[in-house]
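Every number here is computed from the coordinates shown, using simple stated rules; none is lab data. What you are looking at is a predicted structure, and each value in this text was computed from that prediction instead of being measured. Here Cβ is always computed from backbone atoms with ideal geometry, including for glycine, and neighbour counts include all displayed protein chains.
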Amino acid sequence: MSSVYHDYTGFQNVTTFADAFSNFQQVQGLNVFEKLWGAYYYYMGNDLFATGLLFFSVHELFYFGRCLPWFIIERIPYFDKYRIQETKLPSNQEQWECLKSVLTSHFLVEAFPIWFFHPLCQYIGIKFQVPFPSVTDVLIQLTVFFVLEDAWHYWLHRGLHYGVFYKYIHKQHHRYAAPFGLAAEYAHPVEVMLLGFGTVGIPIVWCLVTGNLHLFTICLWIILRLFQAVDAHSGYEFPWSLHHFLPFWAGADHHDEHHHYFIGSYASSFRWWDFVLETEAGPKAHKSRETKMKINAEKVQKKIE
Ligand SMILES: [Zn+2]
Ligand SMILES: [Zn+2]
């Protein structure tokens with residue numbers, strides 16, 4: 001019996017998911033997402049299996065689900081004017097190779113450790129019971145995860161561009177100089193684990209420190225992070241892209257330059273690390289750094305005079 005809820009008095013026997021859901025329909029004070037979540041765990045009857053299956057399915061569904069619109073957009077000539085790089089589109093063969101590699105990685109690298117996720121959550125106190133935490137708690141934690149993952153990603157990714165690390169690990173991800181959505185997770189298994197720590201490890205550390213985290217928040221975080229990663233690799237820049245409204249948001253504009261020039265623009269979600277540490281990629285950023293240096297040099301010269 002699942003421990004997703006504390007009181008099953010009045011619950012009827014369950015043979016289908018609909019039965020489980022109608023039991024939760026009678027619980028007062030739960031919203032529809034909490035009812036669905038509760039019914040899912042109650043119907044599955046095995047919390048470890050339910051969490052494993054949920055996270056594996058969420059990853060597959062939202063990763064490939066988010067890649068699909070890009071796959072369609074690439075085939076509509078109208079959108080060509082929004083492509084960041086004018087080079088040729090990746091061929092069907094290239095995309096197929098990429099898809100096979102990503103799927104293999106999902107099934108070989110991820111499919112086993114995911115079954116240890118529920119026991120780990122229980123051990124460190126990540127809750128999965130209904131009701132969910134407050135909206136404020138969820139929003140604060142999502143913001144913290146975005147900021148910390150970005151920092152982790154910046155330093156790890158920058159490190160992966162050094163000599164042997166690049167040659168034996170990160171080179172695989174740079175196979176496509178003009179990226180496309182599916183290429184987001186096209187990477188060496190060691191890279192998947194190292195950068196994956198930013199996505200999965202940071203919430204775990206957060207819970208160890210604060211003792212306050214719910215699996216639903218982790219689920220939302222993983223979905224948003226998948227969207228960010230796929231979109232950053234889309235290869236398209238629109239007048240309505242998010243960074244036009246949130247200037248510190250990285251987006252495809254930022255990460256495409258990284259794939260194009262192989263150096264610089266290492267962060268994942270935000271632009272501040274690359275801006276402050278002067279590692280933005282591309283000739284435009286190079287030019288503005290040179291101008292800044294020139295102005296500083298002139299100031300120093302004036303002081304001497
Ligand atoms: Zn790189
Ligand atoms: Zn990339």
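Among H255, H214, what is the fewest-to-most ranking by other Cβ atoms within 10 Å?
The order, fewest Cβ neighbours first, is H214, H255.
Ranking E280, E185, E290, E97 by Cβ neighbours within 10 Å, fewest first, what do you get?
Numbers: E280 22, E185 25, E290 10, E97 14.
Taking fewest neighbouring Cβ atoms as first place, the list is E290, E97, E280, E185.
Can you tell me the orientation of helix 47-73 relative to the chain, as the angle in degrees between its alpha-carbon axis and the longest Cα principal axis, to the nearest 10?
Taking Cα atoms only, the helix is inclined about 40 degrees.
Under 29 Å Cα to Cα from K35, which lysines show up? Leave out anything in the same chain fewer than 8 places away.
Filter leaves K127.
What's the magnitude of the charge dipole for the chain around its Cα centre, counting Lys and Arg as +1 and Asp and Glu as -1 at the beta-carbon? Answer in Debye, nearest 20. Intermediate results must be reported in sequence, preceding the final value.
Details: 22 positive and 27 negative charges, 166 e Å.
Using Cβ point charges on Lys, Arg, Asp and Glu, the chain gives about 800 debye.
Using Cβ contacts closer than 10 Å as the measure, can you line up M1, M193, M44 from fewest to most?
M1, M193, M44
Across segment 219-305, how many lysine pairs separated by 8 or more positions, or lying on different chains, have Cα atoms within less than 22 Å?
Pairs that pass both the separation and distance tests number 7.
Apply the a/c threshold of 1.5 to the C-alpha gyration tensor of the chain and tell me whether it is rounded, prolate or oblate.
The shape class here is prolate.
For F270, enumerate residues with amide H under 5 Å from its amide H, sequence gap 5+ or separate chain, H modeled in the peptide plane.
Amide H neighbours of F270: A250.
At most 15 other Cβ atoms within 10 Å plus a DSSP loop assignment makes a site exposed; report the longest stretch of the chain without any exposed chymotrypsin sites (Phe, Trp or Tyr not before Pro). Each step should come with its number before you reach the end.
Details: sites that count: Y8, Y162, W240, F245, F248, F262.
Within the chain, the longest run free of exposed chymotrypsin sites (Phe, Trp or Tyr not before Pro) spans 9-161.
How far is helix 282-304 tilted, in degrees, relative to the longest principal axis of the Cα atoms in the chain, given as a value from 0 to 90 rounded to the nearest 10?
60
Taking square-rooted eigenvalues a ≥ b ≥ c of the alpha carbon gyration tensor, is segment 1-45 rounded, prolate or oblate, where a/c under 1.5 means rounded and, failing that, a/b exceeding b/c means prolate?
In terms of gyration-tensor shape, rounded.
When the chain is modelled as a GNM with alpha-carbon springs shorter than 10 Å, which of R271, R75, R66 fluctuates the most?
R75
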